[in-house]
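Notes follow once the structure below has been shown.
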Amino acid sequence: MSAYLVLARKYRSETFDEVIGQEPISQTLVNAIKTNRVAHAYLFTGTRGVGKTTMARILAKALNCLAFDDATPEPCGKCDACESIARGEDMDVVEIDGASNRGIDEIRELRANAIFRPARCRYKIYYIDEVHMLTKEAFNALLKTLEEPPEHVKFIFATTECEKVPATILSRCQRFDFRNIPTAKIAEHLATICKAEKVSADDDALYRIARAGAGSMRDSLSLLDQLLAGGGKVCDEEVIRVLGTPPDEQTIKIGQAIADGNSAAALGQLATLLDSGVTITSVVTALGDTFRNMMLAGACGGDSELIELPEMQRKAVSELAARFSTPTLVQNVGIIQRIAQTLRGSSVGRALVEATLVRLAEADKFVDPSSLIERLEQLSAGGMTGGLKKKSLANPASPQVPTATPQNLPPSQSATSQTRSSAPPTADRSPSPGMESSENSAAPETAPAITAPVAQQHRPLSTEQRLAVQQDPAVQTVMTLFDGALVDVVKDPLIPEADDTDESPEPTNGDE
Ligand SMILES: [Zn+2]
């Protein structure tokens, strides 16, 4: 009995026609071969597992197939050269891993060998994977060969990080950008493989595997390998178990509870998921996907290709999306995204997620972005406090005073108190430690600033209170909407002191 060959190798595409999801590249290469315009050097870029090495080997076979007198778009796949190239072992097709052979010595050796003619094939082909890992000196040495390559030499470079490849190299290569493979195409291929392997597989389960592969055929095939190793059939429950991700139905149920404004139900669903062994991170990721899909359904319609879901869930997601306004969905995606970031390293992950669910379910009790905008416009027009910087809000009717320093939006409202007013931005105030300051150092903005009369006095807040305001999703939303940054957080003197007791409904992570 032969050793088990992983699916990715067993079912590696052998011809240009077979490469999945990269048809334009296959077509261009075929045309180049037909018209005898094959370049000296190619650069294949794209994420892992999208077919770069496969394409490189097919190109090498096409150039070197011994069954033909010249390069052919349809290599035989049976001659010695084709077979050894397919295995990655041909003497004239040298595969180099740029990650482990990144020094100048390796490239010098390559240059020294490149001048000799190929042993039996038409071309000597150097395939350097992860070429961006080469050292600067190695790149320089490579450049010399690239500038004047011997007639019989071809280079194929592959990289997942094209931006790290020097421009001098890039400019001497024909570049092909490999796309992430669409989920549906991966699922289709997985189905073909299961048929060939005589394994029964549910379509939904295959789709789920394909989606987990996130555009990478190799990752998807590895997952399928893992499932087949288990010996069972490929069904949804099994895939969910292996992936450790919650089923879409469950996250959709959470979405429904949120739409119903039923936080108890949302929390109940969360508890059920966690009890079933799904990690809190996976729940948040899945929930983020669900709301993203809902947002896409809201913005592009339920039929949009961007929504990568099987038919049943697609319908459920579209219906659910109709129960939210698109701005709310956008806001919710943002909130979930931030909670996902906060989760890393947090010891109170579950509490944070629970608080988020309650917040989403009871959104009407919190500030929504449109009411905040309205409120801010009132503030700027009404001449209370606060300076706004963003052209879209520049109200020509309001008094405009050019400001001396960059004035960023200082929304100070906590989520529970809409009446609390923002801070007077004064010229000498520097950003507080820990506050978002990416914008503060910027040069004065060209956008007109609206400055209202500055309130005479304000009361300082404690660091905790500042943090609470800073981390409030509503405040962060405003910051994103207006491209602003928090300069300072103070308390409006007009608000009674008693208000201080209620800062924020969100548990905050004081460590940040
Ligand atoms: Zn051949």
- request: For the range 144-153, enumerate the residues that are open to solvent by 10 Å² or more (accessible area, probe 1.4 Å) and within 16 Å of Ala39 (Cβ to Cβ).
  value: Thr145, Leu146, Glu147, Glu148, Pro149, Pro150, Glu151, His152
statement: Those residues of the range 27-58 which are open to solvent by 10 Å² or more (accessible area, probe 1.4 Å), out of contact with any Leu (no Cβ under 8 Å at 6 or more places or on another chain) and part of a helix (DSSP H, G or I) amount to Gln27, Thr28, Val30, Asn31, Ala32, Lys34, Lys52, Thr53, Thr54, Arg57
query: In this structure, is Glu130 exposed (fewer than 15 other Cβ atoms within 10 Å of the Cβ) and not assigned by TED's automatic domain parsing to the domain that holds Ala212?
result: no
statement: Filter the range 78-96 for residues that are farther than 27 Å from Asp177 by Cβ and part of a loop (DSSP other than H, G, I, E, B); the one that is nearest to the ligand (Cβ to nearest atom) is Cys79
- prompt: Right, Asp275: closer than 20 Å to Val242 by Cα, in the same structural domain as Lys315 (by TED's automatic domain parsing), crowded, with 16+ Cβ neighbours inside 10 Å and among the charged types (D, E, K, R) or not?
  reply: no
message: Checking the condition basic (Lys, Arg), outside the structural domain of Leu273 (by TED's automatic domain parsing) and open to solvent by less than 50 Å² (accessible area, probe 1.4 Å), which residue from Arg208, Arg218, Arg172 passes?
response: Arg208
- line: Result of the Cβ filter at 6 Å on the range 78-99, keeping first residues that are over 15 Å from Ala67 (Cβ atoms) and in the same structural domain as Asn64 (by TED's automatic domain parsing) and partners that are near the ligand (Cβ under 9 Å from one of its atoms) and assigned to a helix (DSSP H, G or I), at least 6 apart or interchain, is Val93/Ile85
- prompt: For the range 280-304, what are the residues that are acidic (Asp, Glu) and touching a residue at least 24 places away in the same chain (Cβ under 8 Å)?
  reply: Asp289
statement: Of (1) crowded, with 19+ Cβ neighbours inside 10 Å; (2) in a helix (DSSP H, G or I), Ile156 satisfies every one except (2)
field: Where Cys65 falls short, out of the listed (1) free of Cβ contacts under 8 Å to residues at least 12 places away in the same chain; (2) near the ligand (Cβ under 9 Å from one of its atoms)
entry: (1)
- prompt: Based on what the data block shows, is Thr245 in contact with a strand residue (DSSP E or B) (Cβ under 7 Å, 6 or more places away or on another chain), open to solvent by less than 60 Å² (accessible area, probe 1.4 Å) and among the hydroxyl-bearing types (Ser, Thr, Tyr)?
  reply: no
message: Based on this model, can you work out whether Ala286 counts as of a type in the set (A, V, I, L, M), in contact with a Ser or Thr (Cβ under 8 Å, 6 or more places away or on another chain) and either over 19 Å from Ile335 (Cα atoms) or part of a helix (DSSP H, G or I) (or both)?
response: yes
- prompt: Among (1) open to solvent by 60 Å² or more (accessible area, probe 1.4 Å); (2) within 16 Å of the ligand (Cβ to nearest atom); (3) more than 26 Å from Ile193 (Cβ to Cβ); (4) not polar (S, T, N, Q), where does Glu74 come up short?
  reply: (3)
field: Candidates Ala191, Ala196, filtered to the one that is surrounded by fewer than 22 Cβ atoms within 10 Å (Cβ to Cβ) and without any contact (Cβ under 8 Å) to a residue 24 or more places away in the chain
entry: Ala191
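The values are calculated or read from the model by the stated rules, or taken from the named source; none is laboratory data. Remember, it's a predicted structure, so these values are computed and weren't measured experimentally. We place every Cβ from the backbone using ideal geometry, glycine too, and count neighbours over all the protein chains shown. All accessible areas refer to the heavy atoms of the entire protein, side chains included, with ligands and DNA or RNA removed. Shrake-Rupley method; radii C 1.70, N 1.55, O 1.52, S 1.80 Å.
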